[in-house]
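The values are calculated or read from the model by the stated rules, or taken from the named source; none is laboratory data. This structure is a prediction, so every number in the text was calculated from the model and none was measured. All Cβ positions, even for glycine, are placed from backbone atoms using ideal geometry, and neighbour counts span all protein chains on display.
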């Protein structure tokens, strides 16, 4: 009795929730491809140069990018700077430059001059000062201790 | 101020109203309170966790609010910012940056001498612990048992060898029973 019931139940289940092998293949193929570096750059360039992007989205994109294990390519940096120009926020542009410089890590001596060389035309065009021009490559102000406030 | 008031009510009144006040306290210390504390600061993004808080860190360099509140002077510069950025002086650019952010990367990553305090506190705790253990040894513990005396320990060793304890890899394996000497 139990065996008959179990067999029938098994058949019923196979009919309703059973997954055929072709379906498995179709689902697994969905995340099979890996994004190339060029595609990644293009995606973020497109993200920053989208018409009608606001400061919120720009900050989200920049926060995401600076959290990744990579140095943003000059193209992305330029797109980010132009995005900051479009929302009229120069502080955002300067902070973005600082963040990109920081991402160079221990390769600052080689990578940062290269990045700077590539983005200088955009900086000149938009009137954004470099970190060195602002004097922000060295600490400028000290923070007052919270106990003295 | 309102948190203090809520706290005072907590102590003054009795049970029936307690739940409502607890809810208020929670509200004022958690989310709406954070919003109140952020004052007239402009909310510009999601930030770290969606709360309107300001923090300088590498992981999230763009906090949810601007660092300073809006003032009349600043509005004039913000108006100027709408135009060509080349028309802004370096001072104005710095002012705008400091309006949005508290510290630059170079400042918040600057190495501070805090390690001295940490080491100092560590060494002080060690010293106090050592003093306490010395005091225990002299004042609190009884003298060691008589089995710790040299001749008694020698006798114990002799007995271990006679009983041939641990003859393969242990103590007795190192004793030669023919010459009655250590190997």
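Considering every residue within the stretch B:113-126, establish whether at least one is within 13 Å of chain A (Cβ to nearest Cβ), out of contact with any helix residue (DSSP H, G or I) (no Cβ under 8 Å at 6 or more places or on another chain) and either surrounded by 11 or more Cβ atoms within 10 Å (Cβ to Cβ) or modelled with pLDDT under 95 (or both). Within the stretch B:113-126, one or more residues are within 13 Å of chain A (Cβ to nearest Cβ), out of contact with any helix residue (DSSP H, G or I) (no Cβ under 8 Å at 6 or more places or on another chain) and either surrounded by 11 or more Cβ atoms within 10 Å (Cβ to Cβ) or modelled with pLDDT under 95 (or both).
Might you check whether a residue that is facing chain B (nearest Cβ under 8 Å), part of a helix (DSSP H, G or I) and surrounded by fewer than 16 Cβ atoms within 10 Å (Cβ to Cβ) occurs anywhere in the stretch A:102-109? The answer is no, given that none of the residues of the stretch A:102-109 is facing chain B (nearest Cβ under 8 Å), part of a helix (DSSP H, G or I) and surrounded by fewer than 16 Cβ atoms within 10 Å (Cβ to Cβ). For the stretch B:56-66, a tally of residues being surrounded by 15 or more Cβ atoms within 10 Å (Cβ to Cβ) and touching a helix residue (DSSP H, G or I) at 6+ places or on another chain (Cβ under 8 Å) returns 5.
In the set (1) within 13 Å of chain A (Cβ to nearest Cβ); (2) surrounded by 12 or more Cβ atoms within 10 Å (Cβ to Cβ); (3) more than 30 Å from the chain's Cα centre (by Cα), residue B:110 fails one condition alone, (3). Scanning the stretch A:77-91 for residues that are within 7 Å of chain B (Cβ to nearest Cβ) and crowded, with 21+ Cβ neighbours inside 10 Å yields a total of 2.
Listed by first and then second residue, the pairs linking a residue in the stretch A:137-149 that is within 7 Å of chain B (Cβ to nearest Cβ) to a residue that is assigned to a loop (DSSP other than H, G, I, E, B) and at pLDDT 80 or above, with Cβ atoms under 8 Å apart and 6 or more places separating them unless they lie on different chains, are A:139/B:104; A:139/B:110; A:140/B:104; A:141/B:103; A:143/B:102; A:143/B:103.
Filtering B:46, B:97 for residues that are within 8 Å of chain A (Cβ to nearest Cβ), assigned to a helix (DSSP H, G or I) and touching a helix residue (DSSP H, G or I) at 6+ places or on another chain (Cβ under 9 Å) leaves a single hit, B:97. Provide a single number: the residues in the stretch B:49-88 that are closer than 22 Å to residue A:97 by Cα and within 12 Å of chain A (Cβ to nearest Cβ). Qualifying residue count for the region: 24.
Can you name the residue in the stretch A:110-136 that is within 16 Å of residue B:94 (Cβ to Cβ) and without any contact (Cβ under 8 Å) to a residue 12 or more places away in the chain and, of all such residues, is nearest to the other protein chains (Cβ to nearest Cβ)? This residue is A:127.
Yes or no, residue by residue, for (1) surrounded by fewer than 16 Cβ atoms within 10 Å (Cβ to Cβ); (2) more than 25 Å from residue A:138 (Cα to Cα); (3) modelled with pLDDT under 90:
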{"residue": "B:36", "(1), (2), (3)": "yes, yes, yes"}
{"residue": "B:47", "(1), (2), (3)": "no, yes, yes"}
{"residue": "B:54", "(1), (2), (3)": "no, no, no"}
{"residue": "B:68", "(1), (2), (3)": "no, no, no"}
{"residue": "B:89", "(1), (2), (3)": "yes, no, no"}
{"residue": "B:99", "(1), (2), (3)": "no, no, no"}
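With respect to the conditions (1) surrounded by fewer than 16 Cβ atoms within 10 Å (Cβ to Cβ); (2) under 12 Å from the mean Cα position of the chain (by Cα); (3) more than 9 Å from every other protein chain (Cβ to nearest Cβ), residue A:67 falls short on a single one, namely (3).
When the test is whether a residue is over 17 Å from residue A:81 (Cα atoms) and in a helix (DSSP H, G or I), residue A:113 passes it.
What single numbered condition from (1) closer than 15 Å to residue B:58 by Cα; (2) within 14 Å of the chain's Cα centre (by Cα) fails to hold for residue A:104? Of (1) closer than 15 Å to residue B:58 by Cα; (2) within 14 Å of the chain's Cα centre (by Cα), only one is false for residue A:104: (2).
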